[in-house]
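Contents: one structure, followed by commentary.
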C-alpha cells in the first residue's frame with residue numbers, strides 16, 4: 001500500500017514536472033536566463049527592401065552583445081516579425097509583450113505602424129524605440145511616455161536639407177513642385193515642408209499626392225516639365241523614390257531635385273546613372289569616424305554589402321538599449337524610460353554623442369546632406385554621393401534642427 | 001492623354017498572357033505577376049554578362065520555359081477542378097516565387113538602367129517622350145500583331161480558339177489540347193517575362209514588383225472581357241488613359257481608385273466585359 005501511494009505520488013510529481021517543462025519553459029526562461037527583445041519591421045510591401053537592412057543589423061547587434069557576455073550576465077534573445085501593416089503590427093506587438101514577455105520593442109519604418117505599436121506600448125507600459133518612422137506627429141500629438149525615437153523627425157530632415165538648399169539659393173522667392181507619398185508619413189512631411197517654405201520665403205507651384213502603389217510617374221513628369229519649377233521636391237517613400245529617380249532621368253528633365261525623406265538603399269537601387277539631387281540622411285556608410293568604419297566593415301563582412309541608414313537605426317537602438325540596461329542594472333521599461341529622460345548620452349558612431357530630448361523623446365544627433373555625384377565620378381555602385389559636414393555644426397546646439405517649443409504639440413502623460 | 005495610351009502598353013503585355021491562359025485552361029493565374037518579377041530579375045542576372053540585348057532575348061524564353069514546367073506539373077491537374085482550387089494554387093505559387101526571389105537576391109531593390117544607346121528623348125512639338133518608352137510601345141505592338149496572326153491566321157490558332165469555346169468538342173474531333181496548353185503557357189508566361197525585362201530599367205526591381213502590377217493587369221482582363229483578344233487590347237489602353245487623365249486633372253491620389261471604378265461601371269453595364277464572348281463553361 002505504502003509502496004503504491006509512493007508510486008502514485010511519484011507519478012504526479014513526475015507529471016507536473018513534465019508539464020512544467022512542456023508548458024511553461026518559455027516563461028521561466030524568459031524571466032531568468034535571457035532578455036527578450038521584440039523586433040518589428042516591415043519585411044514585405046513597399047518598405048520591405050529597407051526592413052531587410054533593419055533585421056540584419058539587429059541580428060548583428062545582438063550577436064555582438066551576446067559574444068561579449070550578454071547584458072547583466074544574461075543573453076539577449078531577439079524575436080523578429082514582419083509588421084506588415086498598422087493593424088498587424090499592433091497585434092504582433094501585443095502578442096510579443098503579453099505572451100512572449102519581451103522587455104521592449106524595437107524597430108519599424110512605417111509611421112502609421114509606429115502609431116499603433118505605440119498605443120500598445122503605452123497601455124502595457126513597455127518601452128518602444130522607433131527606428132524608422134519619421135512623422136512629426138509621433139513626437140507631437142501622438143507622443144507617448146514609453147515611445148522613443150532614434151530615427152529623426154521630419155522637421156530635422158527638412159531643416160537639415162533646407163540649409164543646403166538655402167546655400168544653393170533654391171528657397172527664397174523660388175517655386176517648388178512636390179510629390180508626396182499618400183499616407184501618414186507623406187502628409188506629415190508635406191505639412192512640415194510647407195511650414196519651412198512659408199518661413200523662408202518660397203512657394204509651392206504644385207503639391208501632388210502619389211499613392212504608394214503607383215509605379216509609373218510619367219504623367220507627373222510631363223506635368224513637372226510644363227510647370228517649370230525651380231526645384232522638384234520628393235516627399236516620397238520606399239520604392240517610390242527609386243521609381244521616381246529612374247524615370248526622372250529617363251525623361252531627361254533637368255530641374256534640380258531634392259528630397260526630404262531618403263534611404264541610401266533606394267539611391268543604390270536607382271543606380272549611379274539615375275541618382276541625382278540633394279537629400280538628408282541620419283547616417284551613411286561613408287561617415288569618417290572609427291565607430292562608423294568598424295560598423296561598415298563588420299556588416300559588409302557578414303552580409304556582402306555595406307549597411308545603410310536603416311541598418312544604423314536598428315543597430316544603435318539595440319546597442320543603446322543594452323547600454324541603458326547595464327547602466328540601470330535593470331530591464332524594467334519604466335527604469336529605462338527614466339534613464340533616457342535624464343539625458344543619458346549614447347555614442348551613435350558620429351562625432352558628437354546623442355541623447356533623447358525629454359520634451360518629446362526625440363534623439364538629438366547630427367545629420368548630413370548628401371549630394372549625388374555625376375555618374376562618371378562614382379567609384380563603385382555604393383559611393384555615389386558626397387556628404388556634407390555634420391548638421392548642426394560643431395559650435396551649435398544639436399536641437400537647432402529639431403522642432404521648436406512652439407512647433408511641438410507633445411503633451412506627455 | 002497620349003501618354004496614357006502609351007502607358008497602356010505595359011499592362012497589355014501582362015494582361016494578354018493572363019487572358020490567354022484563363023481563356024483556354026480556366027486558370028486564373030495569380031502567379032502571373034511573379035513571372036513578370038522573375039523576368040526582371042533574370043534580366044539583371046543575364047544582362048550583367050550578355051548585356052541588354054542578351055537579356056531581352058533570353059530572359060523571356062527562360063521564363064516561358066519555366067511556365068511550361070509549371071503548366072506540366074501543376075496547372076494541368078486543375079483544368080477540370082473547381083476554379084477556386086487553381087486560385088489557391090497560383091496564389092501560393094506567387095508567394096513562393098516572391099519569397100524565393102527575396103532569398104536569392106535579397107530584399108533591397110536591384111539597380112539596372114537603360115543602356116546608354118537607348119537613352120534620350122524624342123520631341124514632338126511641345127511633347128517630349130523618352131526613346132526607351134517608344135521602344136516598349138513598339139515591342140508591345142509587335143507582340144499584339146504576332147499573337148493576333150498566330151491566333152487568327154494559323155492552324156495552331158484555330159485549335160486554340162476552338163478549345164476556348166468547347167474543349168470537349170475539340171477532343172471529340174481527335175485533337176489533344178495538351179500540347180496546345182503547353183505552348184500557350186510558354187507564350188503567355190513568356191510575355192510576362194518580356195514585360196519584366198522591358199520595364200526593369202524604368203521601375204524599381206524588388207521581390208514584390210509582381211504583386212504591384214498584377215491587380216492592374218486583372219482589371220484590364222476583366223474590363224476587356226474573357227476570351228476577347230481585342231477586348232484586352234482596348235481595355236489596356238482605356239485603363240492607361242484613365243490613369244493618365246485623372247492624374248493630369250490634378251488628382252494623382254485618385255488614379256488607382258479610378259480604374260476600379262471603371263471596372264465596376266463596365267461590369268454593371270456589360271457583365272462579360274467590353275467584348276467578352278459568351279463561353280458556356282464559364283457561365
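The residue that is nearest to the other protein chains (Cβ to nearest Cβ), counting only those in the stretch B:215-232 that are surrounded by 17 or more Cβ atoms within 10 Å (Cβ to Cβ) and either more than 25 Å from residue B:158 (Cα to Cα) or free of Cβ contacts under 8 Å to residues at least 12 places away in the same chain (or both), is B:216.
Listed here are the residues, each with its yes/no results for (1) assigned to a helix (DSSP H, G or I); (2) within 12 Å of chain A (Cβ to nearest Cβ); (3) closer than 30 Å to residue A:186 by Cβ.
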position	(1), (2), (3)
B:234	yes, no, no
B:240	yes, yes, yes
B:245	yes, yes, yes
B:254	yes, yes, yes
B:264	yes, no, yes
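Taken over the stretch A:367-395, the criterion of being in a loop (DSSP other than H, G, I, E, B) and out of contact with any helix residue (DSSP H, G or I) (no Cβ under 7 Å at 6 or more places or on another chain) is satisfied by A:373, A:374, A:378, A:379, A:380, A:383, A:389, A:390, A:393, A:394, A:395.
For the residues B:164, B:170, the requirement of being part of a helix (DSSP H, G or I), surrounded by 15 or more Cβ atoms within 10 Å (Cβ to Cβ), more than 14 Å from chain A (Cβ to nearest Cβ) and over 22 Å from the mean Cα position of the chain (by Cα) singles out B:170. Annotation: residue B:41 fulfils all but one of (1) touching a residue at least 12 places away in the same chain (Cβ under 8 Å); (2) more than 14 Å from chain A (Cβ to nearest Cβ); (3) assigned to a helix (DSSP H, G or I); the unmet one is (2). Just one of (1) within 11 Å of chain A (Cβ to nearest Cβ); (2) touching a residue at least 40 places away in the same chain (Cβ under 8 Å); (3) within 28 Å of residue A:47 (Cα to Cα) fails for residue B:195. It is (1).
What residue, of A:154, A:200, is under 18 Å from residue A:230 (Cβ atoms) and out of contact with any strand residue (DSSP E or B) (no Cβ under 7 Å at 6 or more places or on another chain)?
Numbers: A:154 fails: under 18 Å from residue A:230 (Cβ atoms).
Exactly one of A:154, A:200 is under 18 Å from residue A:230 (Cβ atoms) and out of contact with any strand residue (DSSP E or B) (no Cβ under 7 Å at 6 or more places or on another chain), namely A:200.
Listed conditions (1) touching a strand residue (DSSP E or B) at 6+ places or on another chain (Cβ under 6 Å); (2) in a helix (DSSP H, G or I) are all met by residue A:122, apart from (1). Hey, any hits in the stretch A:217-226 for a residue that's more than 11 Å from chain B (Cβ to nearest Cβ), surrounded by 24 or more Cβ atoms within 10 Å (Cβ to Cβ) and not in a helix (DSSP H, G or I)? Checked the stretch A:217-226: no residue is more than 11 Å from chain B (Cβ to nearest Cβ), surrounded by 24 or more Cβ atoms within 10 Å (Cβ to Cβ) and not in a helix (DSSP H, G or I). Among the residues of the stretch A:50-103, the ones that are part of a strand (DSSP E or B), within 21 Å of residue A:327 (Cα to Cα) and in contact with a helix residue (DSSP H, G or I) (Cβ under 6 Å, 6 or more places away or on another chain) come to 4 in all. Inspection of the stretch A:76-85 identifies no residue that is modelled with pLDDT under 95 and closer than 30 Å to residue A:200 by Cα.
If you check residue A:269 against the conditions, is it buried (at least 20 other Cβ atoms within 10 Å of the Cβ), within 14 Å of another protein chain (Cβ to nearest Cβ), in contact with a strand residue (DSSP E or B) (Cβ under 7 Å, 6 or more places away or on another chain) and more than 19 Å from residue A:177 (Cα to Cα)? Judged against the criteria, residue A:269 is a match. Once the stretch B:119-128 is narrowed to residues that are within 20 Å of residue A:270 (Cα to Cα) and surrounded by 15 or more Cβ atoms within 10 Å (Cβ to Cβ), the residue that is farthest from the other protein chains (Cβ to nearest Cβ) is B:119. Does the stretch A:289-308 contain any residue that is within 9 Å of chain B (Cβ to nearest Cβ), under 17 Å from the mean Cα position of the chain (by Cα), buried (at least 22 other Cβ atoms within 10 Å of the Cβ) and closer than 25 Å to residue A:41 by Cβ? Checking the stretch A:289-308: at least one residue is within 9 Å of chain B (Cβ to nearest Cβ), under 17 Å from the mean Cα position of the chain (by Cα), buried (at least 22 other Cβ atoms within 10 Å of the Cβ) and closer than 25 Å to residue A:41 by Cβ. Restricted to the stretch B:1-37, and to residues that are buried (at least 24 other Cβ atoms within 10 Å of the Cβ) and part of a loop (DSSP other than H, G, I, E, B), which residue is farthest from the other protein chains (Cβ to nearest Cβ)? Going through the qualifying residues, I end up with B:27.
Within the stretch A:194-216, restricting attention to residues that are under 26 Å from residue A:110 (Cβ atoms) and more than 14 Å from chain B (Cβ to nearest Cβ), the residue that is farthest from the chain's Cα centre (by Cα) is A:197.
Looking at B:131, B:153, just one residue is surrounded by fewer than 13 Cβ atoms within 10 Å (Cβ to Cβ) and either touching a helix residue (DSSP H, G or I) at 6+ places or on another chain (Cβ under 8 Å) or away from every other protein chain (no Cβ under 14 Å) (or both), and that residue is B:153. A count restricted to the stretch A:227-238 and to residues that are more than 22 Å from the chain's Cα centre (by Cα) and surrounded by 22 or more Cβ atoms within 10 Å (Cβ to Cβ) stands at 1. The number of residues in the stretch A:35-52 being facing chain B (nearest Cβ under 8 Å) and within 11 Å of the chain's Cα centre (by Cα) comes to 2.
So that you can scan it fast, the table gives a plain yes or no per residue for (1) in contact with a helix residue (DSSP H, G or I) (Cβ under 9 Å, 6 or more places away or on another chain); (2) crowded, with 22+ Cβ neighbours inside 10 Å; (3) more than 14 Å from chain A (Cβ to nearest Cβ):
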| residue | (1), (2), (3) |
| --- | --- |
| B:51 | no, no, yes |
| B:55 | yes, yes, yes |
| B:77 | yes, no, yes |
| B:99 | no, no, no |
| B:116 | no, no, no |
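Could you go through the stretch A:396-405 and let me know if any residue there is closer than 29 Å to residue A:256 by Cβ, free of Cβ contacts under 8 Å to residues at least 60 places away in the same chain, over 20 Å from the mean Cα position of the chain (by Cα) and part of a loop (DSSP other than H, G, I, E, B). Yes; the residues of the stretch A:396-405 include at least one that is closer than 29 Å to residue A:256 by Cβ, free of Cβ contacts under 8 Å to residues at least 60 places away in the same chain, over 20 Å from the mean Cα position of the chain (by Cα) and part of a loop (DSSP other than H, G, I, E, B). Kindly indicate which of A:318, A:334 is out of contact with any helix residue (DSSP H, G or I) (no Cβ under 7 Å at 6 or more places or on another chain) and at pLDDT 95 or above. Of A:318, A:334, the one residue that is out of contact with any helix residue (DSSP H, G or I) (no Cβ under 7 Å at 6 or more places or on another chain) and at pLDDT 95 or above is A:334. Restricting attention to the stretch A:127-142, the residues that are buried (at least 24 other Cβ atoms within 10 Å of the Cβ) and in a loop (DSSP other than H, G, I, E, B) add up to 5. If the condition is being surrounded by 22 or more Cβ atoms within 10 Å (Cβ to Cβ) and in a loop (DSSP other than H, G, I, E, B), then the stretch A:252-265 contributes A:260, A:261, A:262, A:263.
Residues in the stretch A:266-320 that are in a strand (DSSP E or B) and closer than 22 Å to residue A:106 by Cα: A:281 only.
Condition check for residue A:241 on (1) facing chain B (nearest Cβ under 8 Å); (2) under 21 Å from the mean Cα position of the chain (by Cα); (3) without any contact (Cβ under 8 Å) to a residue 40 or more places away in the chain: one failure, at (1).
The values are calculated or read from the model by the stated rules, or taken from the named source; none is laboratory data. These numbers were taken from a predicted model, which means no experiment stands behind them. Cβ coordinates were reconstructed from backbone atoms using ideal geometry, including for glycine residues, and neighbour counts include every protein chain displayed.
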